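Q: Quick one: this structure, given as structure tokens, is what I'll be asking you about.
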Amino acid sequence: MLKILKYSFYDLMRSRWSYVYFLFYLALGFVLLFLNNDLSKAVITLMNVIIVLVPLIGTIFGVMYFYNSKEFTELLLAQPLRRSTIFLGQYFGVAGSLTLSLFLGLGIPFVLYGLFRSEAIFNFALLLITGAFLTFIFTALAFNIALSNENRIKGFGYAVLLWLFLAVIYDGLFLLSLIVFEEYPLDTFSLVATMCNPIDLSRTLILLKLDISALLGYTGAVFKKFFGTDFGLLVSLLVLLLWTLLPIWRLAVKSRRKDF
Amino acid sequence: MKHTLSYSKLLFFLILIGGGQFLMGRTITICPTCDVSSIKQGIASAMEYDTLLIKKGTYNEYNIVIDKPLTLLGEDYPVIDGEDMGEIITIVSDNVTVEGLFIINVGTSYTTDYAAVRVVKSENFLIKHLVLEKLFFGIYLEKANNGKVYHNKIIGDAVDEYNSGNGIQLWYSHHVEVDRNIVQGTRDGIYLEFSDQVTINNNISSDNIRYGLHFMFSNDDTYTNNTFENNGAGVAVMFSKNIRMRNNTFRKNWGTASFGMLLKEINDAEIVGNTFEENTIGINIEGSNRIDYTRNDFINNGWAIKVRGACYTNTFKNNNFLYNSFDISYNSKVNDNIFKENYWSSYTGYDLDKNGIGDAPYRPVKLFSYIVNRTPETIVLLRSLFMDIIDFSEKVSPVFTPDNLMDSSPLMQKTE
């Protein structure tokens, strides 16, 4: 598995897209910090970008890579290798290289602007960790979709739809249900609903760590009581981990059974 | 006759303030080793208009009643320790000056409002350069008019609202000047009840549990150049008329139930040139009419202005709204307030004729803030992509937000 991971990783590291992705984050980081020297404010702005873009790029990139390297995958399948090894190796190669681009692209400008001397370091670390989680989650979901759909167009369509659902439509439904059931106590519901969507969960985690949380009022207080504690943080990281592991597990199972 | 009396009082005051060390009457020196070793003893032996010069030392006294016109002058901040027994200095005479004392350990009571210095039904008092620590109430003016509270430092250690007192309290006290005081760690920094024509200038009120400055049923008051920082809420103005608020700074009143300024049932007020920075809610307005908001800066607040209802004919002009999460929140579709010539940092319009005024109107109420008002739980969707999208669509064609609530002449540049 490691060999395939290494191969995929280096293959991607050499590819143009990784560089573009890396340079994009590098430019974003520098521009943000250039415009606004305040590290903690930059973290907030970055959050908005990361929450939306990281899942999108993870999804598109995952699907693209899977379809593009299909012939190579078929070649590998002819070798005496375990199937899960092949697919997991590829998956970790993609997700790993994307995460590396994210870490380096954002890390370099922030370190240069004095991250280690700033109090924002924990928030920034949390931002990167959730960013990494989102990459792993959405790449895994994308691989699942690609594996289940021979038709590339369909695969792409489903992948984009998935992203759209979790990033936008889910919040719309969430909002709608909050308004429809406004007569009822909704704190637990909104907590659970937030937990169920990795994008919302990441957003809430980061928001509550920043002092913008005072805006959230009563509901915020309920959230803060949960997410603000170490226990809440642990639970949310566990949920994120679950979100990562479930698609990976399905990937392993599905790839074993799939008829190529 | 009455006229000459007040003139003589004025003259006395002028001499007292202007003349510095030149004082009328005898001077009685009090020190722990002198013949007169306690302040009570000193007051008992003094004649009217004498000066008690209190030398450095610690005086364990409480219930000191000043019942004749005297000047209590501390040298090198002598300590008056009330030993938590009750009230420390009570002034019941006109023309009393208390200066330069360090008063600590005022008794806490649940039935009596013990104060470090209380002025009862007296005129022409001057309280200055005091340092108060470990207090319950600090300076308490009760039906005391025409006095001055100047340059005192009040440092409380209040934790709960129910067993703490206010730094400076005015109750039925008119024409009082509260200037250059520093108040921190009390319940309300400065509290006014039924007190008219009071001026409050250049004070710094910070870290108080409840309000930095609190008005109740007090009319025609002015406060300028004060700083209110990190209080439970900056300033609460309630049930008062004709209050002028100018050039104050409200900063970092940040918390789930905090605001820079709370207006409740305020009419005909003037809010000019203030700065609201990093408050959860800049100004919370309820039932307040005919107020002029001019040249204020709202910077980095959660909500710059939250209008709760029953607010009519208010005018917002030439304000700067910079980088607030929400500029204005409104809970009804009816609008009778005027917004014009403000600068909004989130304004995205254009100015083709280069007259400094944007050609497209700005709508300060976002759909999201409307929704949050309706269902507060939806705030958990703050900063989600979905909200940005519907905010954008609402901006393009307003459906839910009051369509006449807009700034039809938004400025392109910040006003100074």
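Q: Give me the Kirkwood hydrodynamic radius of region A:1-124, using the inverse of the mean 1/r over all pairs of distinct Cα atoms, in Å to one decimal. Don't skip to the end; give the middle numbers.
A: On the way: mean 1/r = 0.0631 Å⁻¹.
When all Cα pairs of region A:1-124 are included, the Kirkwood radius is 15.8 Å.
Q: Going Cα to Cα from A:K258, which lysines come in below 16 Å? Please leave out same-chain ones fewer than 8 positions away.
A: A:K70
Q: Find how much the distance from A:M13 to A:T229 grows on full extension, using 0.36 nm per residue of separation minus their present alpha carbon separation; answer in nm with one decimal. Please report the intermediate quantities before stating the final value.
A: Working: separation 216, 0.36 × 216 = 77.76 nm, distance 3.83 nm.
Here the segment from A:M13 to A:T229 would lengthen by 73.9 nm.
Q: Here is a further query. If the rule is a partner Cβ under 4.7 Å, which cysteines in the protein assembly as shown fail it?
A: Those would be A:C196, B:C311, since no other cysteine Cβ in the protein assembly as shown comes under 4.7 Å of theirs.
Q: List the residues whose amide H sits under 5 Å from the amide H of B:F339, counting only those 5 or more places along or on another chain, with H placed 1.01 Å from N in the peptide plane.
A: B:F316, B:M406
Q: In region A:70-173, which chymotrypsin sites (Phe, Trp or Tyr not before Pro) are in a loop and have at most 11 other Cβ atoms within 10 Å, using DSSP for the loop call?
A: Numbers: sites: A:F72, A:F87, A:Y91, A:F92, A:F103, A:F110, A:Y113, A:F116, A:F122, A:F124, A:F133, A:F136, A:F138, A:F143, A:F156, A:Y158, A:W163, A:F165, A:Y170; in loops: A:Y113, A:F116.
Passing both the DSSP loop test and the Cβ count: A:F116.
Q: Moving to a separate point now. Which links in B:K128/B:K153; B:K306/B:K333; A:K41/B:K252; B:K148/B:K252; B:K340/B:K395 stretch past 20 Å when you go from one Cα to the other? The partial results should precede the final answer.
A: On the way: B:K128/B:K153 9 Å; B:K306/B:K333 14 Å; A:K41/B:K252 16 Å; B:K148/B:K252 29 Å; B:K340/B:K395 18 Å.
Check vs 20 Å cut-off fails for B:K148/B:K252.
Q: Which of the GluC sites (Glu not before Pro) found in region B:116-222 are in a DSSP loop and have at most 11 neighbouring Cβ atoms, other than their own, within 10 Å?
A: Working: sites: B:E123, B:E133, B:E142, B:E161, B:E177, B:E193; in loops: B:E161.
Filter output for region B:116-222: B:E161.
Q: Something else about it: If you look at just the Cα atoms of the protein assembly as shown, how large are its Rg and its Dmax in Å?
A: Here Rg and the maximum Cα pair distance are 32.9, 118 Å.
Q: Then there is this: How much FRET efficiency would the formula 1/(1 + (r/R0)^6) give for B:T199 and A:L35, where r is the Cβ-Cβ distance and R0 is 30 Å, rounded to 0.05? Don't jump to the answer; show the numbers that get you there.
A: Details: r = 43 Å, r/R0 = 1.42.
Working from the Cβ atoms, E equals 0.10.
Q: Charges on Cβ only, +1 for Lys and Arg, -1 for Asp and Glu, centred on the Cα centroid of the protein assembly as shown; of B:G260, B:P376, B:G156, which one is farthest towards the dipole's positive end?
A: My answer, from the dipole projection, is B:P376.
Q: Could you tell me what a quarter of the Cα convex hull surface of region B:240-416 works out to, in nm² with one decimal place?
A: Working: hull surface 38.3 nm².
Averaged projected area of region B:240-416's Cα convex hull equals 9.6 nm².
Q: Continuing with the same structure: Hey, got the average number of other protein chain Cβ atoms within 10 angstrom for residues in A:179-191? Display every interim value, and only then the final one.
A: Numbers: counts 5, 1, 2, 5, 1, 1, 1, 5, 2, 0, 1, 5, 1.
Neighbouring Cβ atoms belonging to other protein chains average 2 per residue here.
Q: OK, next. Which of the helices in chain A meet the span-like rule: DSSP H, Cα axial reach of 27 Å or more, Kyte-Doolittle mean at least 1.0?
A: Details: long enough: A:16-35 (28 Å, 1.69); A:39-68 (39 Å, 1.73); A:83-112 (43 Å, 1.34); A:121-148 (40 Å, 2.01); A:230-257 (40 Å, 1.17).
Passing helices, by number: A:16-35, A:39-68, A:83-112, A:121-148, A:230-257.
Q: What are the residues whose amide H is under 5 Å from the amide H of B:G255, where those residues sit 5 or more places off or on another chain and H is modelled from the backbone?
A: Long-range HN contacts for B:G255: B:T280.
Q: Same structure, new question: If only Cα atoms are counted, what is the Rg of chain B, and what is its Dmax, in Å?
A: 25.2, 84
Q: So if a site counts as exposed when it's one of the trypsin sites (Lys or Arg not before Pro), its DSSP state isn't H, G, I, E or B, and it has at most 14 other Cβ atoms within 10 Å, what's the longest stretch of chain A without one?
A: Values: sites that count: A:R82, A:R117, A:K258.
Of all site-free stretches, the longest is A:118-257.
Q: Taking every eigenvalue of the Cα gyration tensor of region A:113-260, multiplying by 5 and rooting it, what semi-axes result, largest first, whole Å? Working shown, then result.
A: Details: eigenvalues 190, 90, 37 Å².
The equivalent ellipsoid of region A:113-260 has semi-axes of 31, 21, 14 Å.
Q: With N denoting the number of residues in region A:119-166, provide Rg(C-alpha) divided by 2.2 N^0.38 Å, to two decimal places.
A: Details: Rg = 14.5 Å, N = 48, 2.2 N^0.38 = 9.6 Å.
It is 1.52.
Q: Another question, if that's okay. Tell me, rounded to the nearest percent, the portion of alpha carbon pairs in region A:1-72 spaced more than 20 Å apart.
A: Working: 1127 of 2556 pairs.
Pairs farther apart than 20 Å: 44 percent.
Q: Shielding of A:164-172 by partners, i.e. mean partner chain Cβ atoms within 10 Å per residue? Each step should come with its number before you reach the end.
A: Numbers: counts 1, 0, 0, 3, 7, 1, 2, 9, 6.
If you average over the peptide's residues, the count of other-chain Cβ atoms is 3.
Q: Please report the Cα spread of chain A along all three principal axes, rounded to whole Å, starting with the longest.
A: The Cα atoms of chain A stretch 59, 47, 31 Å along their principal axes.
Q: Follow-up question, since we're still on this one. Going by amide H atoms built from the backbone, whose H comes under 5 Å of the H on B:R118, apart from near neighbours?
A: B:I89, B:T90, B:I91, B:Y140
Q: In whole Hz and in residue order, list the ³J(HN,Hα) couplings for region B:198-205 that follow from phi through the Karplus curve 6.51 cos²θ - 1.76 cosθ + 1.60, θ = phi - 60°; x for Gly and Pro.
A: Along region B:198-205, the couplings run 9, 10, 10, 10, 6, 8, 10, 10 Hz.
Q: When Rg is the radius of gyration of the Cα atoms in region B:24-231 and Rh is its Kirkwood radius, what does Rg/Rh come to? Intermediate values should be presented prior to the final figure.
A: On the way: Rg = 16.0 Å, Rh = 16.6 Å.
On the Cα set of region B:24-231, Rg over Rh gives 0.96.
Q: To make sure I understand, if each residue's beta carbon is the centre and we count other beta carbons within 10 Å, what order do A:T130, B:T227, B:T401 fall in, fewest to most?
A: Values: A:T130 24, B:T227 17, B:T401 21.
Ascending Cβ contact count within 10 Å gives the list B:T227, B:T401, A:T130.
Q: Other chains near B:368-380: what is the mean number of their Cβ atoms within 10 Å of each residue's Cβ?
A: Details: counts 1, 0, 0, 3, 4, 0, 3, 9, 8, 17, 10, 9, 19.
Shielding by partners across B:368-380 averages 6.
Q: To continue, here is another question. Using 0.36 nm per residue, how much length does the chain from B:C31 to B:S45 gain when fully extended, once their Cα-Cα distance is taken away?
A: On the way: separation 14, 0.36 × 14 = 5.04 nm, distance 1.45 nm.
Gain on extension, B:C31 to B:S45, equals 3.6 nm.
Q: Hey, another quick one. Using only the alpha carbons, work out the radius of gyration and Dmax of region B:350-416 in angstrom.
A: In order Rg, Dmax, the Cα atoms of region B:350-416 give 14.2, 44 Å.
Quick note: the coordinates plus some simple rules give every number you see, no bench work behind them. Quick caveat, the model's predicted, so the values are computed rather than measured. Please note: Cβ atoms are built from the backbone with ideal geometry, for glycine as well, and neighbour counts cover all protein chains shown.
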